[in-house]
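Okay, so here's the structure we're looking at.
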Amino acid sequence: MTNYIRTTVLLLSIFFLVPSAFSEDADKCNIGEITILKNKKTRRSTIIRELEFAENDTVFLHQVPEILEKAKQNLLNTSLFNFVEVKPLWSADSSKVGVNIEVLERWYVWPIPLFEVGERNFNSWWKDKDFSRLNYGLMMKWDNFTGRKDELKFIFRFGYEDKFGLFYQLPYITKKQNIGINYGISYARYHEVAVASVDNDLEYFKNTDEYIQKNFETYFQLIYRPEIHQKQYVEINYRNIFMDDELLNLYPDFTVNNINQLSFFSLSYNYINDHRDYVAYPLEGSYFDIELRKVGLNIFQSNGVDFFYIKSNFNNYWKLKDRWYFGTGLSAKISNNGYQPYVLQKGLGYQKDYMRSYELYVMDGQHYGMLRSNLKYELIPKRVHHFKFIKNEKFGKMFYAFYVNLFFDFAYVNDEYNAELNPLVNELQFGSGLGLDFVTYYSLVFRAEFSVNKLGDTNVFFHVKAPF
């Protein structure tokens, strides 16, 4: 009887367990050789670093399309390539899959003649069309300098804002490719500077004979990237700002304690978690960053500069159905109670920190919160076009897509110093509008938006980057 029970148990084990084991193994495969083609400049190790799998890894069969598509997204988000193709090479029994990666590298060396507006954005310049506020010169930008996704940049700029600088970023200095460095040094000088905001517009002071402000800045960043989607930065920054006595006599709040030369260090920490499908124009995924910065470290001489702030952005993007997408972004800044002179204070309305429909206004303050939202429709899906008359494939092969979008934004800026001069601060502001976006290669995005804000202003604004 005992032998009969043992035999029965053995047969049942074989019947139930062995087939399931075979089934489980049959659902898996090994990653074979990873072959990379057409990477004339980019090192193989730089490309391999962006993959979320390695040779000899074991993965489930149903995961293969997903991980290959993710590899394509990761490589495109390096901004090293215009096109990437990632294809599986299956063995006869599907137990092993090789990976074939073919890239089309971008053009990396850009001697760019500079001709740009010197104001806070193109739309504010276009309002007055003041040609004295234009910059010209040369920027030499060399992407992928040694094939390790490093960037070398020189700036020689004249005109409204003279600036000379050298910048270099190397993402990896260790064998594990998880630690990098970033360094920059620059000198700038100005005949005209914004000295205050009145009625939510900038007020300027100008001296055509003398440089009324001179800035020297240098910084060093240590970059830590433990995995593909996360980065951490620690930065030490030194700034020396000289201001003309005539400027300070008229605008004493421009500096601290009426000192005409501020010399101080800053220390900052920045964390980024980035899961966007396409960094230049995301449609799906998420993004989060937070920056903690202490301005003035009370070492050497900080000249009374002493404040702290936290800035953060949190964005989410979803595909709703077919060609419909929705995105929302929350941005915020909180400062401590330390005095912030105008020369170091920024709220909303500068560079990428602006509220749509309020491009012509500044809302200076120490704290702000902003909520942005977009409903998009893919008017023309991504298409590839070949210019037959351009023989160089780096420029002759391009992609493009068009999107129409409806947006609605809210913002609140708190100003503890000059609220009586600027009616838009310390009150909730909102705006909405319709836009048309053109997306193409080299991370180029061109946007035209018709908008209306709480004040009843209607305008058409132009931008060259995704809104968030």
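The values are calculated or read from the model by the stated rules, or taken from the named source; none is laboratory data. Computed from a predicted structure; not experimentally measured. A quick note on method: Cβ atoms are made from the backbone with ideal geometry, for glycine too, and the neighbour counts reach across all protein chains shown. In case anyone asks, the SASA skips ligands and DNA or RNA and just uses the protein heavy atoms, side chains included. Shrake-Rupley method; radii C 1.70, N 1.55, O 1.52, S 1.80 Å.
Restricting Ile236, Ile272 to those that are open to solvent by less than 40 Å² (accessible area, probe 1.4 Å) and assigned to a strand (DSSP E or B) reduces the list to Ile272. Residues that are farther than 30 Å from Thr458 by Cβ, of a type outside the set (S, T, N, Q) and free of Cβ contacts under 8 Å to residues at least 60 places away in the same chain within region 315-343 comprise Lys319, Lys321, Asp322, Ile334, Gly338, listed in sequence order. Which one is farthest from Tyr403 (Cα to Cα), of the residues in region 284-307 that are among the aromatic types (Phe, Trp, Tyr) and buried (at least 16 other Cβ atoms within 10 Å of the Cβ)? The residue in question is Phe307. Do the conditions hold for Lys333, that is, is it open to solvent by 50 Å² or more (accessible area, probe 1.4 Å) and of a type outside the set (A, V, I, L, M)? Against the criterion (open to solvent by 50 Å² or more (accessible area, probe 1.4 Å) and of a type outside the set (A, V, I, L, M)), Lys333 does not qualify. Tell me, yes or no, whether region 257-269 has at least one residue that is part of a strand (DSSP E or B), buried (at least 16 other Cβ atoms within 10 Å of the Cβ) and touching a Ser or Thr at 6+ places or on another chain (Cβ under 6 Å). Yes, that holds for at least one residue. Within region 74-87, residues that are under 22 Å from Glu33 (Cα atoms) reach partners that are of a type in the set (Ser, Thr, Tyr) and not in a strand (DSSP E or B) with beta carbons closer than 7 Å, at six or more positions or on different chains, in the pairs Leu76/Tyr278. Give me a count of the residues in region 50-65 that are outside any loop (DSSP other than H, G, I, E, B) and either surrounded by fewer than 13 Cβ atoms within 10 Å (Cβ to Cβ) or in contact with an Asp or Glu (Cβ under 9 Å, 6 or more places away or on another chain) (or both). Counting residues in region 50-65 that are outside any loop (DSSP other than H, G, I, E, B) and either surrounded by fewer than 13 Cβ atoms within 10 Å (Cβ to Cβ) or in contact with an Asp or Glu (Cβ under 9 Å, 6 or more places away or on another chain) (or both) gives 5.
Tally time: how many residues in region 425-439 are in a loop (DSSP other than H, G, I, E, B) and open to solvent by 10 Å² or more (accessible area, probe 1.4 Å)? Spell out how you get there, then give the answer.
Keep residues of region 425-439 that are in a loop (DSSP other than H, G, I, E, B), which gives 425-427.
Then drop every residue that is not open to solvent by 10 Å² or more (accessible area, probe 1.4 Å), which leaves 426-427.
Looking only at that region, the number is 2.
Considering Gly396, Gly431, Gly435, the condition of being small (Gly, Ala, Ser) and in contact (Cβ under 8 Å) with a residue 60 or more places away in the chain is satisfied by Gly431 alone.
The residues in region 309-330 that are modelled with pLDDT under 95 and crowded, with 17+ Cβ neighbours inside 10 Å can be counted, and the count is 0.
On the given criteria, is Phe395 open to solvent by 30 Å² or more (accessible area, probe 1.4 Å) and at pLDDT 95 or above? No.
Taking the criterion of being at pLDDT 95 or above and either open to solvent by 60 Å² or more (accessible area, probe 1.4 Å) or out of contact with any Phe, Trp or Tyr (no Cβ under 7 Å at 6 or more places or on another chain) (or both), the residues of region 97-124 that qualify are Gly98, Val99, Asn100, Ile101, Glu102.
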